[in-house]
Amino acid sequence: MTIKTNMILTAMAGIMAFAGSVPAAAQEEPAPTTDVDTIAVDPDRLAAAQVTVDYLFPLGTYQRMMKGTMDKLMDSILSQTFDRPMGETMKGYGLDDEAIEDMGDTSINDMMKARDPYFEERMRISTTVMMDEMVDVMTAMEPAIREALTNLYARKFTASQLAEMNRFFATDTGGAFARDYMMVFVDPEMMESMMGMVPEMMQAMPRIVKKVEEATAHLPPPLKHDAGEEQEDAEQDSQ
């Protein structure tokens, strides 16, 4: 149960962090009904789309978004999650009421600090290092993302639509919008709003986990290691 809970928390935090980092291409007019994946992109549209992407998603965007902000967001999310009473967190995971009551107000933080007095500092340092490394990883991915966005915009919008957007982005107002188009996702107000969603997401997790279990109930259970294999795996992990 602990492993499952940790996996859920990690996935949830990762989704929240990534959700703010993926730009969306919105459009007012409906997309063409043609199967655009089977036709070549018009060179004029591609050139115009490249200009659009230069405005909205220039190189270095992920560094601007994540450096010094996402680690703080993750710290807040994990702190809020780990400070919840274990009994409240584990409701809906199949434990009986007596077991939940026995947990009392003890939180994950309390349990971890009892085993590791440096747990909070370890988590804070780990989060900072992970986010710093993610900046490098995401920055390395930017050229491919920019190329995909260019093709996307070129397929979704006509050359005249793209030219009109670019004329707007070339103005003071349009330029101001383009510069902060992605940064709004890591604005303190947006981050606070996202953190406010954590309790609701935690409450929804038991229901989601139950649906996943029901949807996979027809599958055979995973193979179990015997004691010797588990010991061997543990020794390999420690090396």
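The values are calculated or read from the model by the stated rules, or taken from the named source; none is laboratory data. As the structure is a computational prediction, the values presented were derived from the model and not from experiment. Virtual Cβ from ideal backbone geometry, glycine too; neighbours counted across all protein chains shown.
Summary of computed values
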read-out: Near pairs, Cβ below 7 angstrom, 6+ apart or cross-chain, from the stretch 50-62 (more than 15 Å from V186 (Cα to Cα) and touching a residue at least 40 places away in the same chain (Cβ under 8 Å)) to any residue that is assigned to a helix (DSSP H, G or I) and β-branched (V, I, T); value: Q50/T150; V53/T150
read-out: Checklist (1) at pLDDT 70 or above; (2) surrounded by 11 or more Cβ atoms within 10 Å (Cβ to Cβ) applied to D233, failing item; value: (1)
read-out: Any pair with Cβ under 8 angstrom, 6 or more apart, that starts in the stretch 142-159 at a residue that is closer than 18 Å to P58 by Cβ and ends at one that is part of a loop (DSSP other than H, G, I, E, B) and β-branched (V, I, T); value: N151/V41; A154/V41
read-out: Pairs where the first residue, in the stretch 175-200, is under 27 Å from F82 (Cα atoms) and the second is in a helix (DSSP H, G or I) and acidic (D, E), C-beta under 9 Å, 6+ apart; value: D187/D180
read-out: Cβ pairs under 8 Å, 6+ apart, first in the stretch 110-136 and farther than 17 Å from F82 by Cβ, second of a type in the set (K, R); value: D132/K67; V135/K67
